[in-house]
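The values are calculated or read from the model by the stated rules, or taken from the named source; none is laboratory data. Fair warning: this is a prediction, and the values are worked out from it, not measured in the lab. Cβ: placed from backbone, ideal geometry, glycine included. Neighbour counts: every protein chain shown. Heads up: the accessible areas ignore ligands, DNA and RNA and are worked out on the full protein's heavy atoms, side chains in. Shrake-Rupley method; radii C 1.70, N 1.55, O 1.52, S 1.80 Å.
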Amino acid sequence: MLERFNIVNGLNEDSRMILTTLDEAVNLARANSVWYLLMGLACCSIELMQTGGPRADIDRFGSLFRATPRQSDLMIVAGTVTLKMAPRLRRLYDQMAEPKYVIAMGSCANCGGLFNLSYCVVKGVDKIIPVDVYLPGCPPRPEALTEALIKIQEKIKKEKYFLKKD
Amino acid sequence: MKREDLIKLLLSKMGRSIVRIEEMPNNDIIMEIYTDDLVPIMVSMKKDEDLRFTTLMNQLGVDYGESFAVIYNLYSFDLDNKLTVKVYMDKDNPEVDSVEHIFRGVNWFERETYDLLGIRFKGHGNLERLLLPPDWEGHPLRKDYVYPEVYNGLELKRKTLLEE
């Protein structure tokens, strides 16, 4: 493994040492193992399933679904959030361990979308939980969701995780 | 069975409870009955050997402004007959007998009708809101419903750019 790494980077065979910061090494591991919560609220979840399927194959970015919030790093809010679902969504978010990230997938999760004038729909999931990436589309294509995941990875790679105050 | 024959049969069997009965365009018959006679009529619809309406396809409520109505769509697989039963009730006190003990599947339909229109079903085992949160106020599909602007601290009204 190390030898191949050296060949790719054109390093000397004798130099068996890579200098980096702890933050970058840890962030590299974290960014390539973003596990998302298996949760779908409406039709966007069909696209979410497609993204996890073999054609779009989000697995190659190290991302796969977990069926429990306690093992998830990323919550993909795929679909319309109704007022009845809102407290349950908040509870799932609270059960996830830090650090945690949220993608608001589709128009409904962003701002209410098509159901903007409805009496029972939350006008944007950011009224309940903090959102990292807003993904437009109705529904977004699997490529777009992959792009949103890459944005999350970029965000993770920039974090100074060990210098965090709290 | 032809629709004219079915109408004659229904009139002969339960003519005293029927307010109005006529043919509908979609191979259907609409039958309006007195609200108090709903349960005995539904029982005989299901049990009667000549009718055999064993399936309740759908149940819904309507707000006509001055009155409420509840509509039941019945179907007979054995005889391939369709029938729509309709009862009206007051605006002030919308209440009708539950048919849950006759057709079990109507349980959630009646809960939905209660949730969205506020029609109460006497004798229903678990008449609670089905779709909306339990602490919701009002019944949204009524004509005189006013949309709430705030629910549990969440702002429901979306402001336009001009208002902001």
Once you keep just the Cα pairs under 8 angstrom separated by 6 or more residues, what percentage relative contact order results for the range A:39-157? 28 percent
Given axes a ≥ b ≥ c from the Cα gyration tensor, I'd like to know whether the range A:40-89 is rounded (a/c under 1.5), prolate (a/b larger than b/c) or oblate. oblate
Once you've got the GNM for chain B with C-alpha springs shorter than 10 Å, pick whichever of B:Asn27, B:Asn58, B:Asn152 has the biggest mean-square fluctuation. B:Asn152
Once the convex hull of the alpha carbons of the range A:39-157 is built, what does its volume come to per residue, in cubic angstrom? 89 Å³
Aspartates and glutamates whose Cα lies under 20 Å from that of B:Lys157, excluding same-chain neighbours fewer than 8 positions away: A:Asp126, B:Asp135, B:Glu137, B:Asp144, B:Glu149
Considering lysine pairs in the range A:39-157 that are 8 or more places apart or on different chains, how many have Cα atoms under 21 Å apart? 6
Could you state how much accessible area B:Ser12 has, in square angstrom rounded to the nearest 10, with a 1.4 Å probe and all protein chains kept in place? 90 Å²
Accessible area, probe 1.4 Å, largest first, for residues A:Leu41, A:Leu145, B:Leu131, A:Leu19: A:Leu19, B:Leu131, A:Leu41, A:Leu145
Taking the dipole of the protein assembly as shown about the Cα centre (Lys, Arg +1; Asp, Glu -1; charges at Cβ), the one of B:Asn73, B:Tyr151, A:Ile76 that reaches farthest to the positive side is A:Ile76
Exposure rank, largest accessible area first [B:Trp136, A:Trp35, B:Trp108; 1.4 Å]: B:Trp108, A:Trp35, B:Trp136
Quickly work out the A:Glu143-to-B:Asp135 label distance, labels modelled 7 Å from Cα along the C-beta direction, and quote it in nm with one decimal. 4.6 nm
Would you list the P(r) distribution for chain B, with all Cα-Cα distances sorted into 10 Å bins from 0 and each bin expressed as a whole %? 9, 35, 29, 15, 7, 4, 1
Build a GNM of chain A with springs between Cα atoms under 10 Å: which of A:Tyr119, A:Tyr36, A:Tyr93 gets the top mean-square fluctuation? A:Tyr119
Provide the per-residue ³J(HN,Hα) series for the range A:122-137, in order, calculated from phi with Karplus coefficients 6.51, -1.76, 1.60 and θ = phi - 60°, each as a whole number of Hz, with x at glycine and proline positions. 6, 7, x, 6, 6, 6, 10, 10, x, 10, 8, 10, 9, 10, x, x
Quick one: accessible surface of A:Met17, probe radius 1.4 Å, all protein chains present, in square angstrom to the nearest 10. 150 Å²
Would you please classify the overall shape of the protein assembly as shown from the alpha carbon gyration tensor, given that a ≥ b ≥ c denote the square roots of the eigenvalues, rounded means a/c under 1.5, and beyond that prolate means a/b larger than b/c while oblate covers the rest? prolate
What is the Cα centroid distance between the range A:101-166 and the range A:79-93, reported in whole angstrom? 14 Å
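For A:Phe162, B:Phe103, write out the residues from largest to smallest accessible area, computed with a 1.4 angstrom probe and no ligands counted.
I get A:Phe162, B:Phe103, largest accessible area first.
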Can you give the accessible area of B:His124, probe radius 1.4 Å, in Å² rounded to 10? 20 Å²
So, with points 7 Å from each Cα along the Cβ direction, the A:Trp35-B:Ser67 label distance in nm works out to 6.1 nm
